[in-house]
1. For the structure I just gave you, tell me whether Asp28 is more than 25 Å from Cys109 (Cα to Cα), surrounded by fewer than 18 Cβ atoms within 10 Å (Cβ to Cβ) and of a type in the set (D, E, K, R).
2. Answer yes if at least one residue in the stretch 71-90 is small (Gly, Ala, Ser) and over 23 Å from Val105 (Cβ atoms), and no otherwise.
3. For the stretch 9-19, give me each residue that is in a helix (DSSP H, G or I), within 19 Å of the chain's Cα centre (by Cα) and surrounded by 15 or more Cβ atoms within 10 Å (Cβ to Cβ).
Amino acid sequence: MEIKALFIFEIMGRPPEHIKNTLSALVDKLGEQKGINIIRKEIHEPKPVEKEGVKNFFTTFAEVELISDNLSLIFDIALNMLPSHVEILKPKELEFKNYDLSSIVSNLCVKIHKYDEISKISLMEKNALIGKLNEAYEKIDNLEKGIKGKAKKKTKPKKKSSKKKK
């Protein structure tokens, strides 16, 4: 079954020449995949990001229309190349075997599990770093208190007894 799809890939960064070249390389890599035939590609000129607080960043996007005879490839592109938009243009209706759908959903689950694992590891590492930072803050605070305490003892004049001898 032939599937015609439109993918939109976006990128942001700097300098503008770099993001355009990077996006072009991504589209070329897509076209090199077996079972993919790019029939139209348009890479737009980078434009400055117009957002408060964001300076010297540019954004651009590519529209890529392709044909594939394998629905699994369409899902692989979506999962591995992370386009911002996917539109199936043809056919209007898809019919496939439950085995094919099972394979696609299983690949999706594997990818989600990998992201979940990365997320959990990052969270554990973040919490460990926060714990170490808190320990360091406590040690610094204790050192500062110790230094201030010693400084007060040295600079504090001794009181003379005001009692008179008779």
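Every number in this text was worked out from the coordinates using simple rules, so none of it is lab data. Because the structure is a prediction, the values reported are computed rather than measured. Neighbour counts run over all protein chains shown; Cβ positions are idealised from the backbone, glycine included.
1. Numbers: more than 25 Å from Cys109 (Cα to Cα): yes; surrounded by fewer than 18 Cβ atoms within 10 Å (Cβ to Cβ): yes; of a type in the set (D, E, K, R): yes.
Judged against the criteria, Asp28 is a match.
2. From the stretch 71-90, those small (Gly, Ala, Ser) are 72, 78, 84; that's our starting set.
Add one more test, that the residue is over 23 Å from Val105 (Cβ atoms), and what stays is none.
Checked the stretch 71-90: no residue is small (Gly, Ala, Ser) and over 23 Å from Val105 (Cβ atoms).
3. Passing the criteria: only Ile19.
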